[in-house]
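The values are calculated or read from the model by the stated rules, or taken from the named source; none is laboratory data. Model, not experiment: these values are computed from the prediction. Here the Cβ is made from the backbone with ideal geometry for all residues, glycine too, and neighbour counts use every protein chain on show. For accessibility, only protein heavy atoms count, side chains too; no ligands or nucleic acids. Shrake-Rupley method; radii C 1.70, N 1.55, O 1.52, S 1.80 Å.
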Amino acid sequence: MTTLAIDIGGTKLAAALVEGQTITARRECATPASQTPQALQQALQLLVAPFRAQADRVAVASTGIIHGGVLTSINPSNLGGLAQFPLVGFLSAITDLPVMAMNDAQAAAWAEFCALPGEDDMVFLTVSTGVGGGVVLNGQLLMGNSGLAGHLGHTLADPAGPHCGCGRRGCVEAIASGRGIAALAKDELAGLDAKAIFMLAAQGVSQARELVANSARTLARLIADVKAITDCQTVVVGGSVGLAEGYLPQVADFLAQEPSVYQVSLRAAHYRHDAGLLGAALLAQEEWL
Ligand code: ADP
Ligand code: BMX
Ligand code: ZN
């Protein structure tokens, strides 16, 4: 059985053919920024078309709350203002294959948990366009009654912090995510994206260094909170910001400043940028066994 796995993020869309735990082919494109669903429909259609004939089923890991096959944004600004999208309905119609869908960070958490033998509990955090999370406790992936479980990017980091697209103020995501970092940039850094800001931080530009440090400090505090809530031994970090050179060591330094009870084993995602794709494929394989 070949699974066509699709990862829908706020910045990029990826599709892959997965056999067992191996990606045999992969394609990627930019996520369109549009309030209306047509742009995403068109991008998905172009992305999956070359893989359709070789696939037996479709497994989707997507940004947003995924419930009943529908994507509902908790932070629509991460998807160009798109509030809802009928993921399963649309992909079933264009592929004529069975389709299942789940949140991207929940899917990635499952892949990373499966790569950590001997552990019962773990938490995955993606620092990417937004900040997402997935929680595995006693070997079970938490999805929640309505798909919201693990949305750790929308926990409070600073009550006086920047507004978050979810409607709250001072969420972790508004400070630590790629979008959050870019939105906080001022003066000579205004208008740059997180990737450019990381490059300037590496060159020693002080505002860029402070923006990156602020993100890493905020993530470290979230990890301490996560330890207090779940008592997990391991936290795995992914996403292009989370995997950026030098970022995780900074998070580790800030976490080390917290009391010993809040310490965890901190790891970069084993499957790097493919954790969401593989997690969706693995969950689909288990569901359809
Ligand atoms: P998605 O959110 O679509 O899953 P990514 O995980 O690639 O996508 O995250 C996108 C965010 O990561 C953007 O804000 C982008 O500016 C930032 N980014 C991409 N590459 C890098 C990099 N090398 N270093 C730091 N930030 C990066
Ligand atoms: C946002 C939210 C989460 C998602 C997280 C990471 C939306 C559209 N997404 O908090 O569901 O898991 O971003 O998403 O509300 P990514 O696009 O950064 O991978
Ligand atoms: Zn929020």
Quiz item: So G170 fits all but one of (1) more than 20 Å from T63 (Cβ to Cβ); (2) of a type outside the set (D, E, K, R); (3) open to solvent by less than 70 Å² (accessible area, probe 1.4 Å); (4) away from ligand 3 (no atom under 16 Å from the Cβ); what number is the exception?
Solution: (4)
Quiz item: What are the residues in segment 16-46 that are part of a strand (DSSP E or B) and within 15 Å of ligand 2 (Cβ to nearest atom), if any?
Solution: E28, C29, A30
Exercise. Identify the single condition in (1) out of contact with any strand residue (DSSP E or B) (no Cβ under 6 Å at 6 or more places or on another chain); (2) crowded, with 21+ Cβ neighbours inside 10 Å; (3) free of Cβ contacts under 8 Å to residues at least 60 places away in the same chain that S62 does not satisfy, given that it satisfies every other one.
Key: (1)
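Take residues that are within 15 Å of ligand 1 (Cβ to nearest atom) and free of Cβ contacts under 8 Å to residues at least 24 places away in the same chain and tell me which of the helices (runs of 4 or more DSSP H) falling wholly in segment 103-200 contain 1 or more. Lay out the reasoning, then the answer.
On the way: elements: 104-114, 172-176, 178-184.
Because the criterion is at least 1 residues that are within 15 Å of ligand 1 (Cβ to nearest atom) and free of Cβ contacts under 8 Å to residues at least 24 places away in the same chain, the helices (runs of 4 or more DSSP H) in segment 103-200 that meet it are 172-176, 178-184.
Does V212 satisfy the condition of being β-branched (V, I, T) and away from ligand 1 (no atom under 16 Å from the Cβ)? Reasoning before the result, please.
Numbers: β-branched (V, I, T): yes; away from ligand 1 (no atom under 16 Å from the Cβ): no.
Criteria not met by V212.
Answer yes if at least one residue in segment 49-61 is at pLDDT below 95, within 18 Å of Q285 (Cβ to Cβ) and more than 14 Å from ligand 1 (Cβ to nearest atom), and no otherwise. Reasoning before the result, please.
Restricting attention to segment 49-61, the residues satisfying the condition of being at pLDDT below 95 are none.
Among the residues of segment 49-61, not one is at pLDDT below 95, within 18 Å of Q285 (Cβ to Cβ) and more than 14 Å from ligand 1 (Cβ to nearest atom), which makes the answer no.
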Quiz item: Among the residues of segment 208-219, is there at least one that is under 14 Å from V131 (Cβ atoms), touching a strand residue (DSSP E or B) at 6+ places or on another chain (Cβ under 8 Å) and open to solvent by less than 40 Å² (accessible area, probe 1.4 Å)?
Solution: yes
